Amino acid sequence: MWQYRFTEIAFKQIKKLPILESQRIITKLDFFCKQENPLKLADYLTDFRLGSYRFRIGDYRVIFDVKDEYIVVLAVGHRRDIYRKN
């Protein structure tokens, strides 16, 4: 069974979101982790500086990498901001 973990930066990002949006994201991450292969539901990113994969959850994106059977969440943000360079 898959599990997810947040990096420190991603945890801060999700805490800043409105409570309903953050609950929706957590609920969807739980759903994805219950799947046999959650990567089938993810999109592959071409810019590896951000991460390897992303989930679309409404207007928000969850950028992540995979390590063993862990989804390591690297960034969480609105679709208009998440791909911008800092």
| query | Pick from the range 16-73 the residues that are surrounded by 15 or more Cβ atoms within 10 Å (Cβ to Cβ) and of a type in the set (F, W, Y): which of them is farthest from M1 (Cα to Cα)? | reply | Y60
| field | Subset of the range 1-23 [basic (K, R) and more than 12 Å from the chain's Cα centre (by Cα)] | value | K12, K15, K16
| task | Please list, ordered by first then second residue, the pairs with beta carbon atoms under 8 Å, 6 or more apart or interchain, first in the range 37-49 and touching a residue at least 24 places away in the same chain (Cβ under 8 Å) and under 19 Å from E69 (Cα atoms), second assigned to a strand (DSSP E or B) and not hydrophobic (A, V, I, L, M, F, W, C). | result | L39/Y53
| note | Only unsatisfied item for D81, checking (1) over 12 Å from the mean Cα position of the chain (by Cα); (2) in contact (Cβ under 8 Å) with a residue 60 or more places away in the chain, is (2)
| field | Failed item in (1) touching a strand residue (DSSP E or B) at 6+ places or on another chain (Cβ under 6 Å); (2) in a strand (DSSP E or B), with G51 passing the rest | value | (2)
| Residue match in the range 65-86 (condition: assigned to a helix (DSSP H, G or I) and of a type in the set (D, E, K, R)) | no
| said: Show the residue pairs meeting these rules: Cβ distance below 8 Å; 6+ apart or different chains; first residue within the range 6-24 and at negative phi; second residue exposed (fewer than 12 other Cβ atoms within 10 Å of the Cβ). | reply: E21/G58; S22/K15; R24/G58
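If you check K12 against the conditions, is it outside any loop (DSSP other than H, G, I, E, B), modelled with pLDDT of 95 or more and over 19 Å from R84 (Cα atoms)?
For K12, the condition - outside any loop (DSSP other than H, G, I, E, B), modelled with pLDDT of 95 or more and over 19 Å from R84 (Cα atoms) - is not met.
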| field | Subset of the range 46-57 (residues that are more than 15 Å from V72 (Cα to Cα) and over 12 Å from the mean Cα position of the chain (by Cα)) | value | T46, D47
| query | Of all residues in the range 15-48, which are of a type in the set (K, R) and either touching a strand residue (DSSP E or B) at 6+ places or on another chain (Cβ under 6 Å) or more than 24 Å from R84 (Cα to Cα) (or both)? | reply | K28, K34, K40
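The values are calculated or read from the model by the stated rules, or taken from the named source; none is laboratory data. Note that the structure is predicted; figures quoted are calculated from it, not measured. So basically every Cβ, Gly included, is an ideal-geometry build from the backbone, and we count neighbours across all protein chains shown.
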